[in-house]
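Accompanying notes for the structure given below.
The values are calculated or read from the model by the stated rules, or taken from the named source; none is laboratory data. Since this is a predicted model, take the numbers as computed values, not measurements. Methodologically, a virtual Cβ is constructed for each residue, glycine included, from the backbone with ideal geometry; neighbour enumeration extends over all protein chains shown. Note: accessible area is taken over every heavy atom of the protein model, side chains too, but ligands, DNA and RNA are not part of it. Shrake-Rupley method; radii C 1.70, N 1.55, O 1.52, S 1.80 Å.
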Amino acid sequence: MKGKRAGYWLVLPYVVFLLVFMAYPVLFSVWLTFHDWNLVSPEIPFVGLENYERLLNDDLFFKSLWNTLRFILINIPLQIGLALILAVALNQPLKGRGFFRGAYFLPVVTSGVVISFLWAWMLSTDDGLINGLLQKAGLHPVPWLTSEAWAMPSLAWVAAWKNLGYYVVIFLAGLQSIPKQLYEAARIDGATSLQCFFRITIPMLNPAMLLVVILSTINGFQLFTEPYIMTGGGPANSSLSVVMYIYKNAFQSLDMGYAATIGLVLALIILGVSMIQKRLLEKDVTY
Amino acid sequence: MLLLQVGCTSGGKDNGKVELTYWPAANPVEVAFAKEVVKEWNAKHPNIQVKMQPLPASRSAEEVLLTSIAGGTTPDVCSNINPGAIGQFVEAGGLLPIDSIDGAMEEILKRTPKETVEAFKSKDGHLYQVPWKGNPIMILYNKQHFREVGLNPDQPGLDTYSKFLAAARKLTRDTNGDGKPDIWAIAPNVEQTWWQRFFDFYPWYVAATEGKTLLKGGKADFNNPKGLQVMQFFRTLFRQKIAPQSTFKENLFAQGKVSMVITGPWALADIKKQAPKMEVGVMSIPVPDNMTGKLRITYGDPKNIAIFRSTRYPKEAWEFTKFLISKQNDVKFLKMTQQIPFRKDLAEDSSVQQYLDQNPVLGAFVRQAPYTRAIDDSDKITDVFDALSLEYQQAAVMGKKDPRKALSDAEKKVNQILQRSR
């Protein structure tokens, strides 16, 4: 009995933490979706389903959702493709392997704000490093951040560059858990390197792949820093992400109820998408 | 009712000693100024001690103040109040009406022109902010660049749109022959962020209309011929490639990569630091061609002083505020921060005159200061600017939308937003 009580005492700090910083804010924001609040007013009138109605008729919300999806559709394949190639390369007995592993991981631990500023300069149309190189090669400068067509793909590239190292680490761990005997056996049967890669490496990496796809989808839906710093959501809202739209509603328009509504809908979308992905990818998982 | 509340909360002093908290803006020069003022005040008033605490700089001042009103942790006095946010503070019940304090209005009207004070009154007729400083937005230019292209650096005379554009075409130059400009005439920020319009559309609009703001009678008021001229001016600027459609994160003017910059007097100190040898000139915001010779008005980027409702000592808080806006401190403020107090007789002071003679560019800002407008007092003003900003970007910066359509779309959107606000 005494031991049991000690156990409760031990978990108490975490339970308190969970209630105060997780459960309460979540419940509060669900409650907020039915109210109109400007963050400071002592009165918080009940508005029923008004916020949800507004959401359904809000073109800008759907635009920001579409922008975010566009980001994810470019960002994830780019990120996974590059991370896989790098992970396989870094898994070879290269010279200076430790250095490269560190170098690719560096952007992950660097502040997103710093990286956004850096890339905003590199991608600047008239003054940027990349357009400078393009022009030296006789090509036209590209309005990376100031055209509706290019802004989101540019952000998707910057985000992929920043997070690459993280996914490389996951893939490296996955690669190292593949038993060597499988490759040896395949070699004896006369398999080529390419066949080994597609028949052994890729299927055996399935659990890692599942993790990476789900993590980067969730990450993608939470896109904020890059558009906030690099484009301000522009030009013409073409890089406005859902989270940035939440931020704008909450802290610029002080429309907490509506911001909470978008937040809740976004959370439900992420939950739904993650569950579908899990179903689809789990089918082939080999543990 | 209000007075009653104030009367109830003020009163008891702890051991006969009053302690006030004062939040200035967190930029280094203003903090240095606040330190000196508070030190002098505390030495003179042993019974009313002021504790100074700079507003946290990491977030926007408005956000910090709103959170502190919500949390009940407001200071007694704050001197970084953006009139554009005052509607929200008032709605939240956070501010003390200054006109309820005995003698305050007389004191304020002695210092500041009546029209300026009137402009800061809230919808309910009360004054919740002591007009403090207004930093007129003007155009700084690089005299050397002007000389190089044959413009008179002392009297450039770019006061109308066509003169300005003609000069700007000359100033945009390809110096190394690679076919792209290395020096731009001007580089207004192309970002969609709402307050960036304080530096392009808005001051131009205020100048063109001789002082109209965006809203009138709770409705959008900018869809008119003048608004159209302003939109077309910026469209021409970007379309003729006089201004780059780029986002820059550095001070291009100080680096000599652009010849003109739209800014306030606060920029002078930084330019002096980054480019000590640059000869800087200053001019007013240009106006449409048919307006030559008329009075120029510009956006004033004002910051005011407020006393919070939470104070237990409104009388003492006002006494300190009065000291803060005394002539002696206004002069000190101008010299220390290169920002401009709302004081009528400032330029008449002999030490100020001498100082401005040595700093003629700052002098021009001081002379412009009475001719400024703030932004409309509306709790939806950020959304209003946001809507306008989007259309400005599409019509002027990207040139993809007809300016007429852009203005009427912005008008429609703004009226929708204003209707939604309760």
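Annotations for the structure displayed:
- Chain A: relative contact order in percent, alpha carbon pairs under 8 Å with at least 6 residues between: 28
- Distance between region B:151-227 and region A:20-84 - C-alpha centres, whole angstrom: 37
- Rolling a 1.4 Å probe over the protein heavy atoms gives the protein assembly as shown an accessible area of 47 Å² per residue.
- Charge sum, other residues only, whose C-beta stays under 13 Å from A:Leu240's C-beta, Lys/Arg counted +1 and Asp/Glu -1: -3
- Against the criterion of solvent-accessible heavy-atom surface with a 1.4 angstrom probe, B:Tyr313, A:Tyr14 sort, most first, into A:Tyr14, B:Tyr313.
- For region A:84-106, the residues whose amide N sits under 18 Å from a probe point set 7 Å from the Cα of A:Ile178 along the beta carbon direction are A:84-94.
- Compactness index (Cα Rg / 2.2 N^0.38 Å), chain A: 1.24
- The alpha carbon radius of gyration of region A:129-188, expressed as a multiple of 2.2 N^0.38 Å, is 1.92.
- Close amide-amide hydrogen proximity is noted between B:Ala220 and B:Asn415, each under 5 Å apart and 5 or more residues distant or on a separate chain (H modeled in the peptide plane; Pro and chain starts excluded).
- Here the scattering of the protein assembly as shown is modelled by Debye summation over its C-alpha atoms, one equal scatterer each and no solvent; at q = 0.07, 0.09, 0.11 Å⁻¹ the log10 of I(q)/I(0) is -0.60, -0.94, -1.28.
- Cα shape, region B:100-194, gyration tensor, a/c 1.5 rule: prolate
- Taking the 1.4 Å solvent-accessible surface of chain A as the whole, the part contributed by carbon and sulfur is 71%.
- Within the shell of other residues whose beta carbon sits under 15 angstrom from the beta carbon of A:Val158, the net charge comes to +2, with Lys and Arg scored +1 and Asp and Glu -1.
- Between region A:88-143 and region A:214-236, the alpha-carbon center distance in angstrom: 18
- Kirkwood Rh and Cα Rg combined as Rg over Rh, evaluated for region B:170-284: 1.01
- Placing dummy labels 7 Å off each Cα toward the beta-carbon, the span from A:Asp59 to B:Thr73 is 4.2 nm.
- If you take the Cα centroid of region B:299-375 and the Cα centroid of region A:248-277, the two points sit 44 Å apart.
- Close amide H contacts of B:Asn80 (hydrogens built in the peptide plane, cut-off under 5 Å, sequence separation of 5 or more or a different chain): B:Ala306.
- Hull volume in cubic angstrom per residue (convex hull over the Cα atoms of region A:91-177): 129
- Couplings for region A:197-212, taken from phi via the Karplus curve 6.51 cos²θ - 1.76 cosθ + 1.60 with θ = phi - 60°, read 4, 7, 9, 10, 4, 4, x, 6, 8, 3, x, 5, 4, 4, 4, 5 Hz in order; Gly and Pro are left as x.
- Whether region B:298-344 is rounded, prolate or oblate, judged on the alpha carbon gyration tensor where a/c under 1.5 counts as rounded: oblate
- Taking a ≥ b ≥ c as the square roots of the eigenvalues of the alpha carbon gyration tensor, region B:280-386 is oblate, as a/c is not under 1.5 and a/b does not beat b/c.
- From the largest down, region B:350-411 spans 52, 29, 14 angstrom on the principal axes of its Cα atoms.
- Taking amide H as placed 1.01 Å from N in the peptide plane, the amide H of B:Thr160 sits under 5 Å from that of B:Val287, each at least 5 places away or on another chain.
- Take the convex hull of the alpha carbons in region B:242-292; its mean projected area over all directions comes to 4.8 nm².
- Interface residues of region B:208-257, defined as those losing at least 50 Å² of solvent-accessible heavy-atom surface relative to the isolated chain (probe radius 1.4 Å), are listed as B:Thr247, B:Lys249.
- For region A:150-287, the spherically averaged projection of the C-alpha convex hull amounts to 10.4 nm².
- In this structure B:Met278 has an accessible area near 40 Å², from a 1.4 Å probe over the protein heavy atoms.
- With a cut-off of 11 Å between beta carbons, the residues surrounding B:Trp194 carry a summed charge of -1, where Lys and Arg count +1 and Asp and Glu -1.
- Using a probe of 1.4 Å, the accessible surface attributed to B:Ser326 totals some 30 Å² when neighbouring protein chains are kept in position.
- Each Cα pair under 8 Å and six or more residues apart adds its separation to the average, and for chain B the resulting relative contact order is 26 percent.
- Max mean-square fluctuation residue, GNM over chain A, Cα-Cα springs under 10 Å, options A:Ser193, A:Ser253, A:Ser238: A:Ser193
- 12 Å cut-off, amide nitrogen to a point 7 angstrom out along B:Val149 Cα→Cβ, residues in region B:232-260: B:241-244, B:258-260
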